[in-house]
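Reviewing the structure listed below.
The values are calculated or read from the model by the stated rules, or taken from the named source; none is laboratory data. Just so it is clear, the model here is predicted, and its values are computed rather than measured. Cβ: placed from backbone, ideal geometry, glycine included. Neighbour counts: every protein chain shown. Calculation scope for accessible area: heavy atoms of the full protein, side chains included, ligands and nucleic acids excluded. Shrake-Rupley method; radii C 1.70, N 1.55, O 1.52, S 1.80 Å.
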Amino acid sequence: MARGLHSAPPHHTMPTAPATPPQHGPRHHGDNGPASRRRTFRHIYPLRVLGMGLGGLLVASVLHQHQALRDYWALALLSFLVWPHLAYLHARHSADPFRAEIYNLLIDSALVGLWVPLMHFNLLPSVVLAAVTTYDKFSTGIKRLWLYSLPGMFGTGVLVTLLARPGLQLESSLTVIVCTLPLIIVHSLAVSVASYRLIRTVARQNRQLEAMRRTDTQTGLAARSHWQEQASDSLERFHARHEPACLLMIDIDHFKPINDLHGHTVGDEVIRAVGQVIRDCVRAHDHAGRYGGDEFAVVLSETRAEDAHTIAERIRDRIAAVRLRELPGLRLTSSIGLAETVRSQLSLRDWINDADTALYRAKHAGRNQVAHCGPPPLVAPQAA
């Protein structure tokens with residue numbers, strides 16, 4: 001019930017404890033954990049105050065029904081009004097606030113076990129209090145915390161039953177029923193809000209994962225799986241609606257000697273610089289991606305070979321103009337293979353093979369040029 005209004009810590013960052021607990025409670029990683037875990041008690045404090053306040057209202061209504069409020073008012077004040085502040089101070093001044101808060105949560109369950117027999121096992125409030133406080137242990141995300149809380153809850157209940165020997169009075173008055181509603185309603189709202197936030201968090205993380213899946217982190221271009229999906233779509237549109245498309249395969253000339261001579265950090269810088277050039281040269285509806293190593297691919301949708309050749313030459317020229325800050329004397333060149341969609345390309349593999357054939361033709365012809373699969377298109381001469 002300590003977290004009766006708190007189904008998960010803000011942003012759902014509470015870590016999961018290891019599966020095997022130590023002798024004295026759930027395992028955790030102590031002071032070495034993230035800062036958000038050390039602040040958990042601060043997030044729980046106002047919710048514990050509100051949850052315990054509503055629980056105290058419920059217990060007071062039961063004690064009033066049984067005409068026992070005068071006998072237990074001091075214990076009720078300590079349990080429901082003072083304890084939340086003591087729990088906060090306990091965690092705040094502890095060397096390990098997260099571990100201290102775990103023990104606070106276990107004490108919350110023990111308090112429920114204390115009050116169930118003192119309420120003469122009044123059925124509705126007893127079940128509500130026990131269910132709410134146990135559910136809150138599930139919602140923390142700490143593995144088996146609900147299980148660790150049961151011995152304290154039942155043990156305290158059995159001990160108080162043996163000492164106080166209360167009579168069994170299961171019926172609830174209308175006042176008790178009315179006082180039960182705020183705890184049920186507010187807790188249900190809190191669970192719904194927490195679930196909504198969790199769904200939003202998961203959706204945001206899924207979007208981030210999808211963006212990571214689509215993007216090559218080193219260059220910022222599309223990852224291989226993503227641009228191949230776009231290439232497949234372009235090839236399907238060509239066969240279905242005769243929409244032309246072109247595929248460029250781009251290879252950095254003599255990249256291995258650059259790595260061997262200057263080191264992999266320079267090689268990585270070259271990859272990033274070429275990736276930036278390609279991003280700057282393609283159009284918004286094109287799809288440029290990393291093929292692997294020092295090879296890149298560009299899917300040019302709705303594009304004929306002559307227009308694709310112009311884009312390829314622009315990429316080649318820009319790569320030749322790249323200068324690295326650390327090695328201004330290093331000159332880069334590239335070989336580019338171009339393949340337009342044709343009927344013989346029944347699969348993406350066929351299209352890639354044609355672009356690869358053109359790429360090797362460019363390399364064998366001396367590198368630093370654009371080559372085509374099949375006869376080159378007629379390209380209008382550039383104005384002087």
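Taking the range 139-149 as the region of interest, how many residues are open to solvent by 60 Å² or more (accessible area, probe 1.4 Å), in a helix (DSSP H, G or I) and not aromatic (F, W, Y)?
To start, the set of residues in the range 139-149 that are open to solvent by 60 Å² or more (accessible area, probe 1.4 Å) comprises 143-144, 146-147.
Those still in the list that are in a helix (DSSP H, G or I) too: 146-147.
The next check asks that each one be not aromatic (F, W, Y); those that pass are 147.
Of the residues in the range 139-149, 1 are open to solvent by 60 Å² or more (accessible area, probe 1.4 Å), in a helix (DSSP H, G or I) and not aromatic (F, W, Y).
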Report summary line: The condition of being within 18 Å of C281 (Cα to Cα) and in a helix (DSSP H, G or I) holds, among R323, R314, R361, only for R314
Query - helices (runs of 4 or more DSSP H) completely within the range 57-129 that count 3 or more residues being open to solvent by less than 40 Å² (accessible area, probe 1.4 Å) and either among the polar types (S, T, N, Q) or farther than 17 Å from I184 by Cβ (or both) - result: 83-92, 97-118
Report summary line: When every residue in the range 186-199 that is open to solvent by less than 40 Å² (accessible area, probe 1.4 Å) and touching a Leu at 6+ places or on another chain (Cβ under 7 Å) is compared, the one nearest to H64 (Cα to Cα) is H187
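If I ask for residues that are acidic (D, E), in contact (Cβ under 8 Å) with a residue 24 or more places away in the chain and within 23 Å of S234 (Cα to Cα), which ones from the range 310-366 would you list?
First, pick out the residues of the range 310-366 that are acidic (D, E): 313, 317, 326, 340, 350, 354, 356.
Next, only the ones that are in contact (Cβ under 8 Å) with a residue 24 or more places away in the chain stay: 313, 326, 340, 354, 356.
Result: E313, E340, D354, D356.
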Report task. Identify the residue in the range 55-74 that is farther than 18 Å from L174 by Cβ and without any contact (Cβ under 8 Å) to a residue 40 or more places away in the chain and, among all such residues, is nearest to the chain's Cα centre (by Cα). Result -> G56
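Tell me whether the range 368-377 contains one or more residues that are part of a loop (DSSP other than H, G, I, E, B), farther than 25 Å from R237 by Cα and modelled with pLDDT of 95 or more.
Step one: of the range 368-377, the residues part of a loop (DSSP other than H, G, I, E, B) are 368-369, 373-377.
Now narrow it down to the ones that are farther than 25 Å from R237 by Cα: 368-369.
Retained after the next criterion (residues that are modelled with pLDDT of 95 or more): 368-369.
Yes, the conditions are met somewhere in the range 368-377.
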Query raised in the report: Between a first residue in the range 232-258 that is surrounded by fewer than 22 Cβ atoms within 10 Å (Cβ to Cβ) and a second residue that is of a type in the set (A, V, I, L, M, F, W, C) and not in a helix (DSSP H, G or I), which pairs have beta carbons less than 6 Å apart while being 6 or more apart in sequence or on different chains?
Result: F238/A245
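With the requirement that a residue be assigned to a helix (DSSP H, G or I) and closer than 22 Å to A355 by Cα, what does the range 251-290 give you? Before the answer, list the steps.
Initially, the range 251-290 is screened for residues assigned to a helix (DSSP H, G or I), giving 255-262, 264-281.
Passing the criteria: F255, K256, I271, V274, G275, Q276, V277, I278, R279, D280, C281.
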Query raised in the report: Can you spot a residue in the range 268-280 that is in contact (Cβ under 8 Å) with a residue 40 or more places away in the chain, touching a Leu at 6+ places or on another chain (Cβ under 8 Å) and among the basic types (K, R)?
Result: yes
Report task. Among the residues of the range 205-231, write down those that are surrounded by 21 or more Cβ atoms within 10 Å (Cβ to Cβ) and out of contact with any Gly (no Cβ under 8 Å at 6 or more places or on another chain). Result -> A231
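Just give me the residues in the range 165-185 being in a helix (DSSP H, G or I) and loosely packed, with under 14 Cβ neighbours inside 10 Å, in sequence order. Give the derivation first.
Let us first name the residues in the range 165-185 that are in a helix (DSSP H, G or I), namely 174-185.
Once the filter is applied, which keeps residues that are in a helix (DSSP H, G or I) and loosely packed, with under 14 Cβ neighbours inside 10 Å, the range 165-185 yields L174, T175, I177, V178, L181, I185.
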Query raised in the report: If you go through the range 76-87 one residue at a time, do you hit one that is touching a Leu at 6+ places or on another chain (Cβ under 6 Å), under 24 Å from W146 (Cα atoms) and not hydroxyl-bearing (S, T, Y)?
Result: no
Query raised in the report: L198 passes all but one of (1) among the aliphatic types (A, V, I, L, M); (2) at pLDDT 85 or above; (3) closer than 30 Å to V112 by Cα; which number fails?
Result: (2)
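Taking the conditions exactly as written (surrounded by 14 or more Cβ atoms within 10 Å (Cβ to Cβ) and not hydrophobic (A, V, I, L, M, F, W, C)), does G152 satisfy them or not?
So G152 passes the test.
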